[in-house]
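What follows is a short report on a single structure.
Just so it is clear, none of the values below were taken in a lab; they were calculated from the coordinates. Owing to the predicted nature of the structure, the values given are computational and were not obtained by experimental measurement. Here the Cβ is made from the backbone with ideal geometry for all residues, glycine too, and neighbour counts use every protein chain on show.
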Amino acid sequence: MSRNYPDAKEAYTVPRIRKMKGKGSLAAITCYDASFARIIEETSIQLVLVGDSAANVIYGLDSTLPIGIDEMAMHTRAVAAGLSKALLVADMPFLSYQPSAEVAITNAGKLLQAGAKAVKVEGGGSHIRAIIGKLVEVGIPVMGHLGLTPQSVHRFGGYKLQGRSEQDAEHIFEEAKLLEEAGCFSIVLEKVPAELAKGITETLSVPTIGIGAGPHCDGQILVLYDLLGLDSEFRPRFVRRYAELAEEIKEALNRYTEDVKEGRFPSEEESF
Ligand code: KIV
C-alpha cells in the first residue's frame with residue numbers, strides 16, 4: 001500500500017467517478033501532453049482521456065488505426081506528469097487488446113505504468129467483453145466505448161451516426177448492459193441518437209459519458225483541440241467551441257514575425 005495514493009477527497013478516483021452516476025455533471029476532456037495537462041490541472045475537469053484521437057489531432061492521420069501502444073504510453077506519461085486531480089484514463093489503441101486477454105493485460109499494464117489509472121477499450125461483443133472481464137479481474141479498471149467506435153471505421157464505412165435503426169439501437173442497448181456486467185466502471189457513448197443514450201443512461205448503474213450523444217448522459221467528453229478551436233476547418237455538429245485558439249495563435253505568430261522584421265523584438269530588457 002502506498003502512502004502517496006492521491007487523497008480521495010482531492011483526486012477523482014475510479015470509485016469517485018462511479019459515484020457521479022445520475023448527477024449529469026461529469027466533465028471530461030482528452031489530452032495528449034504535459035503542457036495542456038498542467039493547464040487542465042488548474043480547472044475543475046474531472047476526467048482526462050489520453051485518446052487514440054492523438055492519431056488525428058497530433059499526428060494528422062485520418063484514422064486512429066495507425067497509433068500504437070508505445071506512442072500511447074508516451075502520451076500517457078506526458079499527461080500524467082502534469083495531472084494529479086482528474087482521473088487519467090488511457091485509450092488502448094487498435095490491436096493492443098483485440099488479439100487476446102494476455103496481450104490486453106500486457107498492454108494495459110504499459111499504460112498504467114505510464115501513469116493511467118484506467119484504460120478504455122472499444123466495442124461490446126462477446127470477445128471484447130471476455131477481455132474486459134480479464135482486465136478487471138487483474139485489477140485494471142476499464143471504461144467501455146459504444147456507438148461510433150473509430151477503430152471500426154472501415155466496418156461502418158465512415159464516421160457515421162450509429163444506432164439509427166431500431167435494430168441497431170437495440171443492439172447497442174444490449175451491449176451497454178453487457179459491458180456493465182463485464183465490469184466496466186463507465187461507458188463512452190459516441191455519436192448515437194440522444195434518445196438511445198437517454199435509455200442506456202437510465203438503465204445502467206455506471207456513468208455514461210457522451211460525445212455527440214445528446215444531453216442525457218451522466219457526463220460529456222470532447223476532444224480538447226476541437227473544444228479550443230485549434231483546427232479552424234473542423235466543425236462537427238456535436239462540438240461546441242469554447243475558444244478560437246487557431247485564430248489567436250495565427251495572430252500571435254504574425255505579430256511576432258512583424259516585431260522581428262521591424263526590429264522590435266528582442267528589446268533591450270529582453271536581452272542580456
Ligand atoms: O480517442 C478519443 O478521443 C476518444 C473520445 C472521442 C471519447 O475516444
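Run the numbers on the chain and let me know its relative contact order in percent, using alpha-carbon pairs under 8 Å that are six or more apart.
16 percent
How far, in degrees from 0 to 90, does helix 69-82 lean away from the longest principal axis of the Cα atoms of the chain, to the nearest 10?
It is inclined by approximately 60 degrees.
Cross-link partners among lysines for LYS250, C-alpha distance below 25 Å, same-chain residues fewer than 8 apart left out?
List returned: LYS261.
Considering Cα pairs under 8 angstrom that are at least six residues apart, work out the relative contact order of the range 48-125 and quote it in whole percent.
Averaging sequence separation for qualifying contacts and normalising by length gives 33 percent for the range 48-125.
Enumerate by residue number the GluC sites (Glu not before Pro) in the range 3-56 meeting two conditions: DSSP loop (anything except H, G, I, E, B), and at most 11 other Cβ atoms within 10 Å of the site's Cβ.
GLU10, GLU42
Which whole-number percent is the relative contact order of the range 9-159 (Cα, under 8 Å, 6+ apart)?
Across the range 9-159, relative contact order equals 21 percent.
Any idea how far the Cα center of the range 199-269 sits from the one of the range 12-29, in Å?
Answer, in whole Å: 22.
What are the residues whose amide H is under 5 Å from the amide H of VAL50, where those residues sit 5 or more places off or on another chain and H is modelled from the backbone?
For VAL50, the qualifying residues are CYS31, VAL89, ALA90, ASP91.
Does anyone have the angle between helix 194-203 and the longest principal axis of the chain? Alpha-carbon axes, 0 to 90°, nearest 10?
60 degrees
By per-residue mean of other Cβ atoms within 10 Å, what is the highest-first order of 213-222, 59-68, 147-156, 230-239?
In decreasing order of mean packing, 213-222, 59-68, 147-156, 230-239 become 213-222, 147-156, 59-68, 230-239.
Dipole magnitude of the chain about its Cα centre, charges +1 at Lys/Arg Cβ and -1 at Asp/Glu Cβ only, in debye to the nearest 20?
The calculation lands at about 900 debye.
Note down the nm distance, to one decimal, between modelled labels 7 Å out along Cα→Cβ at GLU258 and at LEU95.
Distance between the two pseudo-spin positions: 4.9 nm.
In 5 Å bins starting at zero, report the fraction of Cα pairs in the chain per bin as a rounded %.
1, 6, 12, 17, 19, 17, 12, 6, 4, 3, 2, 2, 1, 0, 0
For the range 152-191 and the range 132-146, what is the separation of their C-alpha centers, rounded to whole Å?
Each part reduced to its Cα centre gives a spacing of 17 Å.
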